[in-house]
Amino acid sequence: MIQEGCSLLGCGVDDDRSFSMDDYASATARWCPGCGDHAVLTAVERLLAAEQLPPERTVFVSGIGCSSRFPHYVHTYGFHGLHGRALPVATGVKLRRPDLHVFVVMGDGDCCSIGAGHWIHTTRYNPDMVVLMLDNGVYGLTKNQTSPTTPQGLPSNTQPKGAYLPGLNPISATLGVTNASFVAQTGDWVPEHLYQTMSAAFHHRGFSFVRVLQRCPKFTETLFLDAVRDPKNVELLLHPNGIVAPEIEEIYENHTSHDPSDLNSAHRLAQEDGRVRLGLFYQNRGLPVYEEVRSEHLHSAEQKLELLNAELDRYAV
Ligand code: SF4
């Protein structure tokens with residue numbers, strides 16, 4: 001049940017509704033069988049139900065790509081936008097309606113190529129929203145082109161002998177941006193870790209960037225295969241202030257203790273050395289969110305009117 005005046009939900013009204021996961025389901029997902037996006041959708045519905053988010057106060061914004069179909073599949077408000085432009089739209093929503101719960105879903109091509117400028121600057125602005133970057137290392141919707149995160153040597157339709165360049169590292173890149181406040185990585189094939197990461201991202205106040213390693217059995221089937229098949233190829237970043245999912249710690253027995261407030265350690269762990277690391281790389285709880293910073297610097301409507309009248313007086317005959 002939604003509680004009266006619940007500050008977390010920002011509803012502040014009497015409301016005795018209660019929501020199950022089914023209440024957040026919308027159109028039938030049309031992703032390929034086995035696509036990791038299905039697992040992300042389930043985790044999102046679980047989160048929405050756990051937090052009892054009113055659908056009318058929740059918004060999903062996406063760009064273009066397979067994962068960007070997301071707003072069609074959740075029963076909330078949604079904006080299925082243009083390639084690479086999810087973040088400016090989401091920032092606009094948050095600035096106009098800071099009471100809404102804003103989620104962004106982007107793919108790797110969407111975020112790290114045409115949307116890269118928005119990614120960097122929205123990280124720096126630090127608006128309060130959850131950003132899920134579903135990284136399958138390929139442009140899937142347009143049928144298999146090399147994306148910025150495609151590992152070097154992996155073939156595609158555009159680079160059939162293998163990607164020419166080493167893939168961009170989204171975790172390192174985000175950590176390098178001024179004001180980065182929450183940077184985490186999870187995998188679609190570890191449902192409890194996926195859910196707990198989303199939950200931690202939701203409860204962080206600021207720009208919560210979550211890279212989801214996402215399987216695409218259609219075009220990049222081998223990308224995470226070693227990690228999926230053998231838990232020994234996965235390393236969990238553990239800390240009481242990190243992603244807490246004790247259910248999986250026995251299965252994934254490679255553990256590294258990492259304090260997410262330690263930025264230098266986060267940079268070191270983000271380096272790609274063949275290990276698949278899942279966990280919270282970095283969190284800074286003390287950074288102001290942009291919607292508040294901005295409102296402090298804006299004149300009120302009355303002040304603007306006064307300024308305008310004063311300006312008009314200067315030119316009055
Ligand atoms: Fe998922 Fe890949 Fe199919 Fe797109 S092409 S829906 S990413 S499996």
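The values are calculated or read from the model by the stated rules, or taken from the named source; none is laboratory data. On a predicted model such as this, the values are computed, not experimentally measured, just so you know. Positions of Cβ are backbone-derived with ideal geometry, glycine not excepted, and every protein chain shown enters the neighbour counts.
Taken as a whole, the stretch 190-205 holds no residue that is hydroxyl-bearing (S, T, Y), touching an Asp or Glu at 6+ places or on another chain (Cβ under 9 Å) and within 16 Å of the ligand (Cβ to nearest atom). When the test is whether a residue is within 20 Å of the chain's Cα centre (by Cα) and without any contact (Cβ under 8 Å) to a residue 12 or more places away in the chain, G279 does not pass it. Taking the stretch 157-240 as the region of interest, the strands (runs of 3 or more DSSP E) fully inside it that hold 2 or more residues being over 12 Å from the mean Cα position of the chain (by Cα) and aliphatic (A, V, I, L, M) are 234-238.
Is the stretch 136-148 home to any residue that is away from the ligand (no atom under 16 Å from the Cβ) and crowded, with 24+ Cβ neighbours inside 10 Å? Scanning the stretch 136-148, I find no residue that is away from the ligand (no atom under 16 Å from the Cβ) and crowded, with 24+ Cβ neighbours inside 10 Å, so the answer is no.
Residue check: M129 meets all listed conditions (1) touching a strand residue (DSSP E or B) at 6+ places or on another chain (Cβ under 9 Å); (2) farther than 21 Å from G176 by Cβ but one, namely (2). Checked against (1) surrounded by 24 or more Cβ atoms within 10 Å (Cβ to Cβ); (2) closer than 24 Å to P288 by Cβ; (3) among the acidic types (D, E), D128 passes all but a single condition, namely (1). Cβ-Cβ distances below 6 Å connect no pair with a first residue in the stretch 107-121 that is free of Cβ contacts under 8 Å to residues at least 24 places away in the same chain, a second residue that is not β-branched (V, I, T), and a separation of six or more residues or different chains. Examine the stretch 260-269 for a residue that is among the hydroxyl-bearing types (S, T, Y), in contact with a helix residue (DSSP H, G or I) (Cβ under 9 Å, 6 or more places away or on another chain) and closer than 28 Å to K232 by Cβ, and state whether such a residue exists. No: the stretch 260-269 contains no residue that is among the hydroxyl-bearing types (S, T, Y), in contact with a helix residue (DSSP H, G or I) (Cβ under 9 Å, 6 or more places away or on another chain) and closer than 28 Å to K232 by Cβ. For the stretch 217-231, the criterion of being at pLDDT 95 or above, away from the ligand (no atom under 16 Å from the Cβ) and of a type in the set (D, E) is met by at least one residue. For the stretch 299-317, the candidate set comprises residues that are surrounded by 10 or more Cβ atoms within 10 Å (Cβ to Cβ) and either of a type in the set (A, V, I, L, M) or under 33 Å from the mean Cα position of the chain (by Cα) (or both); within that set, the residue that is nearest to W189 (Cα to Cα) is H299. Exactly one residue out of Y73, Y125 is over 26 Å from R46 (Cβ atoms) and aromatic (F, W, Y), and it is Y125.
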